[in-house]
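Enquirer: What follows is a single structure, and I will ask about it in a moment.
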Ligand SMILES: Cc1cc2nc3c(=O)[nH]c(=O)nc-3n(C[C@H](O)[C@H](O)[C@H](O)COP(=O)(O)OP(=O)(O)OC[C@H]3O[C@@H](n4cnc5c(N)ncnc54)[C@H](O)[C@@H]3O)c2cc1C
């Protein structure tokens, strides 16, 4: 029997195991597998629970998302997986009214201009008629089509690129906080080519991002809301995947500690509890920073390369209030806090106005996002300090001083990989090393996209390659 071992049961590892189960025809509920005696898939997870950075919990009638609260439908892998699991018709979008968000600027909230496509403003009228930008900044945005393509021949930071195209104010007040919401990153070190290569290509091709987007024409009407979740929260996806893995041996509370060469080829995974397991193919669906120490004794060069990918640590602070005490109508989905505001907070989401069923009828739920790459680590702070940070933000910006009836903090140490300048070179060097290790695959947020759809796609790709190597079809 040939064995594929997947290490890590976050969304990447779950997706990889599910794809491998399907490809190998292992018995999934009721269909009687065909190759169950020839192949085995084992999923190893350090924690008791599955899901990694997808963690939904209930506290009374509050529903709390510890990290990810939704996924993007424009990238197809997550939606496609939900279809495979028969749950796509249960996906829900954001509450329809009022569809707007804000930006904090000098402690006041300004509406986020409509029509941002990724990081690029597409609705100039909205941008220019809004009150957030200074007249000079508005003028500078209008000039974008006249700014010749430039920048270095190779890669450049997103900060440099966007400031070059739209001017520093649009970057500071709009692009930077939108970007921080995804990477918790420092835009002056994030690589354009590793995060938004399409923008560079558009500049080269059309001479201007505004012209390039216009040339692409009006986007086809979206079939689905841009962001979706499940009524029971993102944990519902993890639960459905866990249940669907009927042909996979899922072992929780099993921490991989080291990867070694197998006695007769393949790999041997040593566990924290002193046991070990042989694998003919191995998918490491864990963050690069966690994979690095596992690989030190196996391929020191590879381990060193993985260790060079930096990570940001973040914390999520949920606060629930009695509606009557809150004293302010929460219109919109929340607000972004640009780095230039000097806060350790990146955003405040009005969760109960954004998603249905997240708070009791007579209550509101807010979620504050803390941490920024390069800043002081927020995860080292006490609960008291993080609550004080969140409450002083609400007091100063929303003028809310009521006592919360719920508070809950989730800390995520080294959670968000930073695709800094040189990331693509690092990936190329990692791929080069992997050529020497047929059957070994790396997957997950650390490499080619941090969002849930990217992670699922990365898990699928790793499973495709691993199954192909198991069946004798190459690496
Ligand atoms: C605060 C926050 C908010 C986010 N919000 C969103 C969002 O709204 N939408 C979105 O699309 N994305 C969001 N993301 C990004 C996305 O959630 C993550 O990139 C994604 O969930 C990572 O999945 P993964 O499986 O690659 O890694 P992980 O979720 O980190 O899973 C890795 C798993 O491996 C296990 N593991 C680690 N080491 C070992 C070992 N040695 N042996 C065995 N098991 C091990 C871990 O316990 C974990 O279960 C957010 C991320 C954060 C941190």
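Since every read-out is calculated from the coordinates, none of them should be taken as a lab result. Every value quoted in this text rests on a predicted model; they were computed, and no experiment measured them. Don't worry about glycine lacking a Cβ; one is built from the backbone with ideal geometry, like all the others, and counts go over all protein chains shown.
Enquirer: Using a cut-off of under 15 Å, list every residue of region 82-118 whose amide N is near the label point 7 Å from the Cα of residue 329 along the Cα-to-beta-carbon line.
Expert: 97-100, by backbone N distance to the label point.
Enquirer: Angle, helix 11-23 long axis vs. longest principal axis of the chain, Cα atoms, 0 to 90°, nearest 10?
Expert: Value to nearest ten degrees: 50.
Enquirer: Ok, one more. Taking 1 over the mean of 1/r across every pair of different Cα atoms in region 166-311, what Kirkwood radius in Å do you get? Display every interim value, and only then the final one.
Expert: Details: mean 1/r = 0.0494 Å⁻¹.
Result for region 166-311, one decimal place: 20.3 Å.
Enquirer: Going by how many other beta carbons lie within 10 Å of each one, how would you line up 37, 344, 454, fewest first?
Expert: With the fewest neighbours first, 37, 344, 454 line up as 37, 344, 454.
Enquirer: So what are the radius of gyration and Dmax for the Cα set of region 34-112, in Å?
Expert: 19.2, 65
Enquirer: Using only Cα atoms, find the angle between the long axis of helix 452-470 and the longest principal axis of the chain, and express it within 0 to 90 degrees, rounded to the nearest 10.
Expert: 20
Enquirer: Between residue 322 and residue 223, how many nm apart are label points set 7 Å from Cα along the C-beta direction?
Expert: A separation of 4.8 nm, rounded to one decimal place.
Enquirer: May I ask you to derive the relative contact order of the chain, considering only C-alpha pairs under 8 Å and at least 6 residues apart, and to give it as an integer percent?
Expert: Here the relative contact order equals 24 percent.
Enquirer: Taking 4 °C and 1.567 mPa s as the conditions, I'd like the Stokes-Einstein D for region 382-429 in µm²/s, using the Kirkwood hydrodynamic radius from alpha carbon pairs.
Expert: Details: Rh = 14.1 Å.
It comes out at roughly 92 µm²/s.
Enquirer: Compute the distance in nm between two label points, each set 7 Å from the Cα along the Cα-to-Cβ direction, one at residue 143 and one at residue 380.
Expert: My value for the distance between the label points is 4.2 nm.
Enquirer: Okay, moving on. Among the DSSP beta bridges whose two residues both lie in the chain, what percent are antiparallel, rounded to the nearest 5?
Expert: Roughly 70 percent of the DSSP beta bridges within the chain come out antiparallel.
Enquirer: Just want the ordering: 71, 196, from fewest to most Cβ atoms lying within 10 Å of their own Cβ.
Expert: Fewest-to-most Cβ neighbours within 10 Å comes out as 196, 71.
Enquirer: Taking the number of other C-beta atoms within 10 Å as the exposure measure, put 2, 401 in order starting with the fewest. Intermediate values should be presented prior to the final figure.
Expert: Values: 2 19, 401 11.
With the fewest neighbours first, 2, 401 line up as 401, 2.
Enquirer: Return an integer: the convex hull volume of the alpha-carbon atoms of the chain, in Å³ per residue. Don't jump to the answer; show the numbers that get you there.
Expert: Values: hull volume 73.6 nm³, N = 475.
With only Cα atoms used, the chain gives 155 Å³ per residue.
Enquirer: Let me know the volume per residue of the alpha-carbon convex hull for region 115-215, in Å³. Don't jump to the answer; show the numbers that get you there.
Expert: Details: hull volume 9.1 nm³, N = 101.
It is 90 Å³ per residue.
Enquirer: Just need the relative contact order of region 120-218 here, percent rounded to a whole number, with Cα pairs under 8 Å and 6+ apart. The partial results should precede the final answer.
Expert: Values: 94 pairs, mean separation 33.0, N = 99.
In percent, rounded to a whole number, it is 33.
Enquirer: Could you state the angle between the C-alpha long axis of helix 235-244 and the longest principal axis of the C-alpha atoms of the chain, as a value from 0 to 90 degrees rounded to the nearest 10?
Expert: 20
Enquirer: Run the Debye formula on the Cα coordinates of region 289-397, all scatterers equal and no solvent, and tell me log10 I(q)/I(0) at q = 0.12, 0.15, 0.23, 0.24 1/Å.
Expert: Listed by q, the Debye log ratios stand at -0.55, -0.73, -1.21, -1.28.
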